[in-house]
Amino acid sequence: LYWWGSALALFTVLAVAAVTPRWPVWFWYHPTSMLVGYVGLMGNAVLVKKIGGRTATKIHGYLMAAGSAAAAFGWYVIHSNKEAMGKPHITTWHGLAGLICLLS
């Protein structure tokens, strides 16, 4: 169980390091915050919940809240980036799947 949490954290760090900032730099925060939110925080929240007990449940809740906040920030970044460039929203399967994941 602990091994998976470490693997998720390591994957998140390596994936974020691989996402190189390009123009526009504001967009860089979208994949970064999504990786941190969904993989790093929410992935570990699921593993912590499996430990059981009141403390683990509280930590699970905090990690899920932080992961949701990071994912919401990632959505804000892509939404504001598309607004600034005058592009339409949710026009691809990627965008639709992302919106469904965020709302579920």
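Step by step: first the residues of segment 16-33, then only those that are in contact (Cβ under 8 Å) with a residue 24 or more places away in the chain and open to solvent by less than 40 Å² (accessible area, probe 1.4 Å), then the one that is farthest from residue 94 (Cα to Cα). Which residue is that?
So the first thing to find is which residues in segment 16-33 are in contact (Cβ under 8 Å) with a residue 24 or more places away in the chain, and the list is 24, 26-27, 29-33.
Still in the running and open to solvent by less than 40 Å² (accessible area, probe 1.4 Å): 24, 30-33.
Numbers: 24: 20, 30: 13, 31: 12, 32: 16, 33: 16 Å.
Among those that are in contact (Cβ under 8 Å) with a residue 24 or more places away in the chain and open to solvent by less than 40 Å² (accessible area, probe 1.4 Å), it is 24.
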- request: Would you mention how many residues in segment 39-58 are in a helix (DSSP H, G or I) and in contact (Cβ under 8 Å) with a residue 24 or more places away in the chain?
  value: 8
query: So, in segment 59-93, of the ones that are surrounded by fewer than 10 Cβ atoms within 10 Å (Cβ to Cβ) and in a helix (DSSP H, G or I), which residue ends up nearest to the chain's Cα centre (by Cα)?
result: 93
- prompt: Listed residues 79, 89, 94; which is touching an Asp or Glu at 6+ places or on another chain (Cβ under 9 Å) and not charged (D, E, K, R)?
  reply: 89
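The values are calculated or read from the model by the stated rules, or taken from the named source; none is laboratory data. Note that the structure is predicted; figures quoted are calculated from it, not measured. Here the Cβ is made from the backbone with ideal geometry for all residues, glycine too, and neighbour counts use every protein chain on show. Heavy atoms of the whole protein, side chains included, go into the accessibility calculation; ligands, DNA and RNA do not. Shrake-Rupley method; radii C 1.70, N 1.55, O 1.52, S 1.80 Å.
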